[in-house]
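The structure under discussion appears below in the form of structure tokens.
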Amino acid sequence: MNQILLIYGLPAALLVGAYLWRYRRRERQHREVLEDSQAAGLTEPAGLHPVVDPLRCVGSASCVSACPEQAIGVVGGLAQLVNPAACIGHGACAAACPFEAIQLVFGTAKRGIDIPQVGPDFQTNVPGVYIAGELGGMGLIHKAATQGQRALEYISKRRAAPGALDVVIVGAGPAGLAAALAAKQRGLRYVLLEQEGTFGGSILHYPRRKVAMTSPMTLPMVGRVKWREIAKESLVDFWDGVMREQRLEVRFREAMLAIERKGDGFLVATPRARHETRNVLLCLGRRGTPRKLGVPGEDLPKVVYRLIDAYQYRGRRMLVIGGGDSAVEAALALAGEPDTSVSLSYRGAGFDRVKPANRQRLEAASGIRVLLQSTVRSISPAAVELEQQGKKVALPNDDVVVCAGGDLPTAMLRSIGIEVQTHFGNVAYSSAAR
Ligand SMILES: Cc1cc2nc3c(=O)[nH]c(=O)nc-3n(C[C@H](O)[C@H](O)[C@H](O)COP(=O)(O)OP(=O)(O)OC[C@H]3O[C@@H](n4cnc5c(N)ncnc54)[C@H](O)[C@@H]3O)c2cc1C
């Protein structure tokens, strides 16, 4: 009897022991991630995210293994979002849960998310104005690209009279680029407007070498694209190749400012033109339009409104403008690059709005020249002129990063007459319905 216990019982006990040891270690790691998120004040997910039903969850951790962003963990035997800021809402967790315990929701009780009303044909309540991609609430590269081209199928049924465009597409992220391909394939007269100096939308803002998780999709004029995982750089190269081969015409640095009705179509106003069109397809994403300084020289190509990759500014003389987290994070990232000199200008007397962790990092950082109570007066190719407490300061400068906040698309949508609903955690998808 003792021998049998030894032969079967001991390995079983060892297996259970090893499982419990690994389970507890993983749970400890997840708890640490959760505590770090809470300490940094990063407790609210930005968009679509999972909510776990505690009565169904058994802590199997299938969702944990399925999430490439490592946003979800098991704490106290139950799955939960331990790193809400990392969640991008692809719902791999909900699909992986064998107990149908996960629902995907928009917004939280604390932070509502504005989603415009869009019909199954992607048309808003304003006839002729369509929305595709993340702006409509559905993030992810392949979904945005698929929606962009599907919207064009409906738009192509409403052609314009000669002299006007069939459609103005706004935003050159995956949704807008796929829509432009579909417009070209269908022979529509279109214009694609992009407020930034380059295409790609949110993709450009992924961290360097990030591996994007996506799904195969079919693009007009291009065909089947089969990747499921692709590095950011390869994704950017892919879209670059598509744009060049298909000769997609994008009007860069031309932001849509307003849409006015004209007859049975619209006038789309930008700083450079008023485009007359029968339809408008908004593929604006959800990051908004950066606020400008309104000073001479701001239109120089050296001025950007988001730091995409600090590495590209190695060895340059940089000025970052702003007093929020994004300005401080940009200055810190740039200061981490060898031979880069960084000045940080803010009109306030201190960085009161910044998260404590960022404030501490800024205080500890060496090599950032902080110019408080300063205002930029003008920008020239090799310098920036500031005013600090009544005195002029001339900074030799190669590049300027303006982090002065932005205007979210909601106000613009409302000004056009599009109905927008604020969601406070309403269920969008459930793993039970997959
Ligand atoms: C850090 C991060 C990681 C991600 N990882 C993944 C991933 O692994 N897999 C995945 O599938 N998805 C991922 N996503 C989500 C994915 O990138 C987005 O869902 C997708 O890019 C949405 O495409 P879009 O075309 O709707 O909008 P966007 O890509 O946001 O593009 C919108 C474009 O519109 C432009 N625009 C806005 N307003 C105006 C205006 N007034 N005039 C002119 N142009 C304007 C913007 O400048 C922008 O270029 C990630 C997102 C982030 C932020």
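The values are calculated or read from the model by the stated rules, or taken from the named source; none is laboratory data. Note that the structure is predicted; figures quoted are calculated from it, not measured. As a convention, Cβ positions derive from the backbone with ideal geometry for all residues, glycine included, and neighbour counts pool all protein chains shown. Just so you know, the surface numbers come from the protein's heavy atoms only, side chains and all, with ligands and any DNA or RNA stripped out. Shrake-Rupley method; radii C 1.70, N 1.55, O 1.52, S 1.80 Å.
May I ask you to verify whether Glu196 is within 13 Å of the ligand (Cβ to nearest atom), acidic (Asp, Glu), open to solvent by 10 Å² or more (accessible area, probe 1.4 Å) and assigned to a loop (DSSP other than H, G, I, E, B)?
Answer is yes for this residue.
If you scan region 309-326, which residues turn out to be buried (at least 17 other Cβ atoms within 10 Å of the Cβ) and within 17 Å of the chain's Cα centre (by Cα)?
Hits for region 309-326 are Asp325, Ser326.
Taking the residues in region 168-186 that are of a type outside the set (S, T, N, Q) and more than 14 Å from the ligand (Cβ to nearest atom) as candidates, determine which candidate is farthest from the chain's Cα centre (by Cα). Please lay out each step first, then the result.
Here is the first cut: in region 168-186, the ones of a type outside the set (S, T, N, Q) are 168-184, 186.
Filter once more, so that each one left must be more than 14 Å from the ligand (Cβ to nearest atom): 183-184, 186.
Details: Ala183: 25, Lys184: 26, Arg186: 29 Å.
Filtering first and then ranking leaves Arg186.
Tally up the residues in region 88-101 that are closer than 22 Å to Gly136 by Cα and touching a Cys at 6+ places or on another chain (Cβ under 8 Å), please.
Going residue by residue through region 88-101, those that are closer than 22 Å to Gly136 by Cα are 88-95.
Add one more test, that the residue is touching a Cys at 6+ places or on another chain (Cβ under 8 Å), and what stays is 92-94.
Total meeting the criteria: 3.
Which of (1) more than 11 Å from the ligand (Cβ to nearest atom); (2) modelled with pLDDT of 95 or more; (3) open to solvent by less than 50 Å² (accessible area, probe 1.4 Å) is the odd one out, the single condition Met243 does not satisfy?
Going through (1) more than 11 Å from the ligand (Cβ to nearest atom); (2) modelled with pLDDT of 95 or more; (3) open to solvent by less than 50 Å² (accessible area, probe 1.4 Å) one by one, Met243 breaks only (2).
Looking at region 263-282, I want the residues that are of a type in the set (Phe, Trp, Tyr) and have a partner that is in a strand (DSSP E or B) and open to solvent by 70 Å² or more (accessible area, probe 1.4 Å) with Cβ atoms under 8 Å, at least 6 apart or on another chain. Which pairs are those?
If the second residue must be in a strand (DSSP E or B) and open to solvent by 70 Å² or more (accessible area, probe 1.4 Å), the pairs left are Phe266/Glu260; Phe266/Glu276.
Return the residues of region 271-295 that are within 15 Å of Tyr130 (Cα to Cα), open to solvent by less than 30 Å² (accessible area, probe 1.4 Å) and within 12 Å of the ligand (Cβ to nearest atom); say none if nothing qualifies. Please lay out each step first, then the result.
Applying the first criterion (within 15 Å of Tyr130 (Cα to Cα)) to region 271-295 yields 277-285.
So of that shortlist, the ones also open to solvent by less than 30 Å² (accessible area, probe 1.4 Å) come out as 277, 279-283, 285.
Passing the criteria: Val280, Leu281, Leu282, Cys283, Gly285.
Given the conditions (1) outside any strand (DSSP E or B); (2) crowded, with 21+ Cβ neighbours inside 10 Å, report the number of the one that Leu362 does not fulfil.
Going through (1) outside any strand (DSSP E or B); (2) crowded, with 21+ Cβ neighbours inside 10 Å one by one, Leu362 breaks only (2).
For the list (1) within 16 Å of the ligand (Cβ to nearest atom); (2) of a type outside the set (Phe, Trp, Tyr); (3) more than 22 Å from the chain's Cα centre (by Cα); (4) not in a helix (DSSP H, G or I), I need the number of the one condition that Glu100 fails.
(1) is the only condition that Glu100 fails.
Go through (1) under 27 Å from Thr289 (Cβ atoms); (2) open to solvent by less than 40 Å² (accessible area, probe 1.4 Å); (3) aliphatic (A, V, I, L, M) one by one and return the number of the condition Met412 breaks.
Failed condition: (2).
Based on this model, can you work out whether Ala160 counts as among the hydrophobic types (A, V, I, L, M, F, W, C) and surrounded by fewer than 21 Cβ atoms within 10 Å (Cβ to Cβ)?
On the way: among the hydrophobic types (A, V, I, L, M, F, W, C): yes; surrounded by fewer than 21 Cβ atoms within 10 Å (Cβ to Cβ): yes.
So Ala160 passes the test.
Can you pull out the strands (runs of 3 or more DSSP E) entirely within region 369-434 that have at least 2 residues that are modelled with pLDDT under 95?
On the way: elements: 374-380, 383-388, 391-396, 399-402, 420-423, 426-430.
Because the criterion is at least 2 residues that are modelled with pLDDT under 95, the strands (runs of 3 or more DSSP E) in region 369-434 that meet it are 420-423, 426-430.
Do you know which residues across region 249-270 are surrounded by fewer than 17 Cβ atoms within 10 Å (Cβ to Cβ) and either of a type in the set (S, T, N, Q) or near the ligand (Cβ under 10 Å from one of its atoms) (or both)? I'd like the intermediate steps shown before the answer.
Keep residues of region 249-270 that are surrounded by fewer than 17 Cβ atoms within 10 Å (Cβ to Cβ), which gives 249, 252-253, 257-258, 260-264, 269.
Those that are surrounded by fewer than 17 Cβ atoms within 10 Å (Cβ to Cβ) and either of a type in the set (S, T, N, Q) or near the ligand (Cβ under 10 Å from one of its atoms) (or both): Phe252, Arg253, Leu257, Ala258.
Please go through region 106-128 and pick out each residue that is of a type outside the set (Phe, Trp, Tyr) and either buried (at least 21 other Cβ atoms within 10 Å of the Cβ) or within 13 Å of the ligand (Cβ to nearest atom) (or both).
Our first condition is that a residue be of a type outside the set (Phe, Trp, Tyr); within region 106-128, this holds for 107-121, 123-128.
Gly107, Ile113, Ile115, Pro116, Val118, Thr124, listed by residue number.
Of all residues in region 302-330, which are within 16 Å of the ligand (Cβ to nearest atom), more than 19 Å from Val170 (Cα to Cα) and either part of a strand (DSSP E or B) or not charged (D, E, K, R) (or both)?
Across region 302-330, the qualifying residues are Val303, Val304, Leu307, Ile308, Ala310, Ser326, Ala330.
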